[in-house]
């Protein structure tokens with residue numbers, strides 16, 4: 001089968017959905033001819049240029065792109081590159097990662113419209129906490145989103161919880177399929193020197209809480225700072241960069257929190273060392289922009305306990321429900337988070353059976369292939 005993925009970005013660009021796209025494409029490449037078309041994230045002053053490469057049997061085209069506006073990159077020359085790829089590869093299915101405004105150019109492409117489209121619904125474009133400017137822009141964008149949903153042969157959503165709270169999907173329930181996102185399972189370990197580095201950061205705390213994510217509004221890292229005030233004997237380490245870095249640093253200084261450490265961006269080996277040595281991994285997100293939480297799967301691959309907020313409409317709660325070593329806490333409630341931290345660190349640890357879980361990329365790929373085959377029949 002010849003498949004074209006139309007995504008947003010691709011590794012080494014950091015992001016949960018980018019990592020998932022790579023995992024899925026490489027798993028599919030074991031049986032199919034896979035091409036991935038994404039925006040080139042290596043921007044100069046105003047735009048990036050087009051590059052072609054093959055990564056682990058996957059053809060990756062990073063197309064020239066205008067610098068993002070409202071977090072939205074706009075791909076240039078879509079019609080020409082789509083025509084070239086479809087003809088060159090004899091494409092049978094176009095798999096579109098959404099939201100992705102550049103994919104709307106497919107609606108104007110005669111060759112693309114002859115093929116079935118599968119929409120990978122990563123998240124709604126706007127949520128309750130989205131900016132007023134983004135909500136205003138979505139008012140004009142929404143009719144185009146409906147057109148692409150009508151045009152799609154199938155829509156894949158990562159959890160039933162997200163589907164039920166989506167503003168856009170219930171009207172297209174007949175073509176929606178719930179398939180959990182997955183990753184490639186690998187037994188995780190880190191070097192002794194790296195673990196010693198991590199142990200020094202944890203400072204022999206009885207409660208070692210780790211969190212990874214972009215420092216942005218919906219990740220709700222402020223809640224970890226509040227919990228750190230309430231539980232000074234705990235150590236909180238937050239890895240990531242983003243627009244709230246300065247604000248978080250100022251809050252830590254103002255509140256004199258000696259038990260919160262922002263690492264910034266880390267290489268994978270050090271991130272894995274912190275994951276391997278923490279007591280629990282926490283994702284305190286408070287907005288449905290956190291549609292799933294791919295980083296939770298990575299924590300489970302380390303056999304780590306996970307703590308997530310009970311945010312309605314996010315897949316986080318469902319992921320936690322699949323693991324014994326997990327607890328949910330009341331969204332935005334630092335007192336309840338502290339109670340759950342104390343509770344989860346007292347629980348006996350038991351290995352997570354990743355291979356028999358719904359989070360294995362092989363299971364995910366098999367279900368998607370079944371959708372492809374049904375469509376092509």
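The values are calculated or read from the model by the stated rules, or taken from the named source; none is laboratory data. For clarity, every value in this text was computed on a predicted model and none was experimentally measured. Note: ideal-geometry Cβ built from the backbone for every residue, glycine included; neighbour counts use all protein chains shown.
Structure notes:
- Some residue of segment 219-231 being part of a helix (DSSP H, G or I), crowded, with 17+ Cβ neighbours inside 10 Å and under 18 Å from the mean Cα position of the chain (by Cα): yes
- Residues of segment 273-298 satisfying the condition of being buried (at least 20 other Cβ atoms within 10 Å of the Cβ) and either without any contact (Cβ under 8 Å) to a residue 60 or more places away in the chain or more than 25 Å from residue 314 (Cβ to Cβ) (or both): 273, 277, 296
- Checklist (1) buried (at least 20 other Cβ atoms within 10 Å of the Cβ); (2) in a helix (DSSP H, G or I) applied to residue 156, failing item: (2)
- Consider segment 26-40 and keep the residues that are part of a strand (DSSP E or B) and under 19 Å from the mean Cα position of the chain (by Cα). The one that is farthest from residue 103 (Cα to Cα) is 36.
- Count - residues of segment 85-102 that are farther than 30 Å from residue 290 by Cβ and in contact with a strand residue (DSSP E or B) (Cβ under 9 Å, 6 or more places away or on another chain): 7
- All conditions but one from (1) outside any loop (DSSP other than H, G, I, E, B); (2) in contact with a strand residue (DSSP E or B) (Cβ under 6 Å, 6 or more places away or on another chain); (3) free of Cβ contacts under 8 Å to residues at least 60 places away in the same chain; (4) over 29 Å from residue 357 (Cα atoms) apply to residue 205; the one that does not is (1).
- Scanning segment 316-331 for residues that are in a helix (DSSP H, G or I) and touching a strand residue (DSSP E or B) at 6+ places or on another chain (Cβ under 9 Å) yields 316, 317, 319, 320, 321.
- Counted residues, segment 1-55 - those being touching a helix residue (DSSP H, G or I) at 6+ places or on another chain (Cβ under 8 Å) and under 16 Å from residue 294 (Cα atoms): 9
- Residue match in segment 180-187 (condition: crowded, with 18+ Cβ neighbours inside 10 Å, over 23 Å from residue 20 (Cα atoms), in contact with a helix residue (DSSP H, G or I) (Cβ under 9 Å, 6 or more places away or on another chain) and modelled with pLDDT of 95 or more): no
- Residue, farthest from residue 304 (Cα to Cα), within segment 252-272, restricted to residues that are in contact with a strand residue (DSSP E or B) (Cβ under 9 Å, 6 or more places away or on another chain) and either outside the structural domain of residue 307 (by TED's automatic domain parsing) or part of a helix (DSSP H, G or I) (or both): 252
- Residue match in segment 357-369 (condition: in contact with a helix residue (DSSP H, G or I) (Cβ under 8 Å, 6 or more places away or on another chain), more than 30 Å from residue 3 (Cα to Cα) and in contact (Cβ under 8 Å) with a residue 12 or more places away in the chain): no
- Checked against the criterion of being within 27 Å of residue 86 (Cβ to Cβ) and either outside the structural domain of residue 300 (by TED's automatic domain parsing) or outside any strand (DSSP E or B) (or both), segment 193-200 has no qualifying residue.
- Look at segment 8-24: where a residue is assigned by TED's automatic domain parsing to the domain that holds residue 265 and farther than 14 Å from residue 95 by Cα, no partner that is in a loop (DSSP other than H, G, I, E, B) and at pLDDT 95 or above sits 6+ places away or on another chain with Cβ atoms under 6 Å.
- Listed here are the strands (runs of 3 or more DSSP E) enclosed by segment 41-141 that have at least 3 residues being surrounded by fewer than 18 Cβ atoms within 10 Å (Cβ to Cβ) and at pLDDT 95 or above: 51-55.
- Residues of segment 342-359 that are in a helix (DSSP H, G or I) and under 19 Å from the mean Cα position of the chain (by Cα): 354 alone.
- Note on segment 321-341: among residues that are within 23 Å of residue 180 (Cα to Cα) and more than 20 Å from the chain's Cα centre (by Cα), the one that is surrounded by the most Cβ atoms within 10 Å (Cβ to Cβ) is 329.
- Subset of segment 127-144 (residues that are closer than 20 Å to residue 97 by Cα and free of Cβ contacts under 8 Å to residues at least 40 places away in the same chain): 138, 142, 143
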